[in-house]
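One structure below.
The values are calculated or read from the model by the stated rules, or taken from the named source; none is laboratory data. Values in this document were obtained by computation on a predicted structure and should not be read as measured data. Here Cβ is always computed from backbone atoms with ideal geometry, including for glycine, and neighbour counts include all displayed protein chains. Surface accessibility is based on the protein's heavy atoms, side chains included, excluding ligands, DNA and RNA. Shrake-Rupley method; radii C 1.70, N 1.55, O 1.52, S 1.80 Å.
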Amino acid sequence: MFDTLAPPAPTRIEIEASADAAAVEALVLAAFGPGRFAKTAERLRERATVAAGFLAREDARVIGSVRLWSIRVGHAPALFLGPIAVATDSRRAGLGADLMQACLDHAGETGVLLVGDLPYFGRFGFRSAPDARLPGPVDQRRVLWRGAREPEGPVAAA
């Protein structure tokens, strides 16, 4: 007779609720540290309104999260994605991709802007956005866009 372990319960992507805010903040802080507060992307998020948030749990523990923020690029409405965070012990299982897909499904036809690495985010249809100007210092090569039109102009909270 062989002893077998039950497979782990599948991780499900959920809509973030206000009661999840502290757990999400703790996860993001663990993933990015206090240095994230000095970044231009964080300055933009401080002024923007959360349009949607998604998370993953393992049992009751939040192990992944991502948010979309309401912004404008030039005069056009758009969404700003990030930060996306996955607990260290849950990485490499495709959870980040599942969180990304939840955001993209929610965004529909609305353009999505983020600051990230093209080799990772390119597989989700993101491309360079050289004419989208964030309100502070940023490596412009890392400003990425997914949407029908080309983003152009200053980026600001909506």
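Data for the structure
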{"quantity": "Any chance PRO130 is outside any helix (DSSP H, G or I) and modelled with pLDDT of 95 or more", "calculated": "yes"}
{"quantity": "Residue check, VAL24 over 16 Å from ALA60 (Cβ atoms), in contact with a strand residue (DSSP E or B) (Cβ under 9 Å, 6 or more places away or on another chain) and at pLDDT 65 or above", "calculated": "no"}
{"quantity": "Filter result for ALA85 (surrounded by 14 or more Cβ atoms within 10 Å (Cβ to Cβ) and more than 19 Å from GLU14 (Cβ to Cβ))", "calculated": "no"}
{"quantity": "Residue within segment 103-126 that is farther than 20 Å from ALA48 by Cα and polar (S, T, N, Q) present", "calculated": "no"}
{"quantity": "Enumeration of residues in segment 140-153 that are of a type in the set (D, E, K, R), over 16 Å from HIS75 (Cα atoms) and either surrounded by 13 or more Cβ atoms within 10 Å (Cβ to Cβ) or touching a residue at least 24 places away in the same chain (Cβ under 8 Å) (or both)", "calculated": "ARG142, ARG146"}
{"quantity": "Residue list for segment 27-80, filter: open to solvent by less than 20 Å² (accessible area, probe 1.4 Å), under 11 Å from VAL155 (Cα atoms) and in a strand (DSSP E or B)", "calculated": "ILE71, VAL73, ALA78, LEU79, PHE80"}
{"quantity": "Unique match (being at pLDDT 95 or above and surrounded by 17 or more Cβ atoms within 10 Å (Cβ to Cβ)) among GLU16, GLU109", "calculated": "GLU16"}
{"quantity": "Flag if ALA156 is open to solvent by less than 80 Å² (accessible area, probe 1.4 Å) and touching a Pro at 6+ places or on another chain (Cβ under 9 Å)", "calculated": "yes"}
{"quantity": "Single unsatisfied condition, ASP98 versus (1) touching a strand residue (DSSP E or B) at 6+ places or on another chain (Cβ under 7 Å); (2) assigned to a loop (DSSP other than H, G, I, E, B)", "calculated": "(2)"}
{"quantity": "ALA23 being open to solvent by less than 50 Å² (accessible area, probe 1.4 Å) and more than 28 Å from GLU109 (Cβ to Cβ)", "calculated": "yes"}
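Every residue, every condition in (1) under 20 Å from ILE15 (Cβ atoms); (2) of a type outside the set (D, E, K, R), yes or no:
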{"residue": "ARG43", "(1), (2)": "no, no"}
{"residue": "ARG61", "(1), (2)": "yes, no"}
{"residue": "ARG67", "(1), (2)": "yes, no"}
{"residue": "ARG72", "(1), (2)": "no, no"}
{"residue": "GLY108", "(1), (2)": "yes, yes"}
{"residue": "PHE124", "(1), (2)": "yes, yes"}
{"residue": "GLY136", "(1), (2)": "no, yes"}
{"residue": "GLN140", "(1), (2)": "no, yes"}
{"residue": "LEU144", "(1), (2)": "no, yes"}
